[in-house]
């Protein structure tokens, strides 16, 4: 197991604005598949209009990491990035063990930790109440590479190195809540989005 000790096995020391944190990944992104859910699915479409973006926002919280894992296994020549909320991660902690056991080396799971169920009204999560350490949970589950960041400048400096680590990768970003707007609108009809996404998946990797 490869664990980066700096900011890897403790809670992020602070919180960064969500949108600039996402912009760091957008600026590094080439032809990776990007799966988003809940809060990230609200903000990422404002930053990226890529055919390999798939915004998964129905009520099945916690399922995005395993959708990303399925894509990583089916498309071993592509990197897959999954943005997951901390509330969603709590819904399916078992996904960490499944990811570790899968052998998928082309998957990066990024947990956006704001301590809230933000899109359902801003309720505080139990993990925030008891200071659950998602990074240590990932390490204990057998994830190969783990890092946590709570400072935007450190994330900017370390993102490229983090994304190049041996996979699967688990990244915790301490982020601020976006605000009081809890609306979550679907980015277009699912059938249309699926057709676009499937066509993009059939294209050869660069």
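Read-outs: derived from the displayed coordinates by stated rules, not from any lab. Everything numeric here is computed off the predicted structure, so don't read it as measured data. Here Cβ is always computed from backbone atoms with ideal geometry, including for glycine, and neighbour counts include all displayed protein chains.
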Footprinting exposure proxy for 176, 161 (fewest neighbouring C-beta atoms within 10 Å first): 161, 176
Which distance in nm do the two modelled labels at residue 46 and residue 176 give, with both placed 7 Å along the Cα-to-Cβ direction? 1.3
Sorted by Cβ neighbour density within 10 Å, fewest at the top, the residues 89, 38: 38, 89
For the range 65-103, list residues with backbone N below 16 Å from a point placed 7 Å from the Cα of residue 201 toward its Cβ? 65-82
How far apart, in nm, are the 7 Å Cα→Cβ label points at residue 129 and residue 153? 3.6
171, 25, 139 arranged by Cβ crowding within 10 Å, fewest neighbours leading: 139, 25, 171
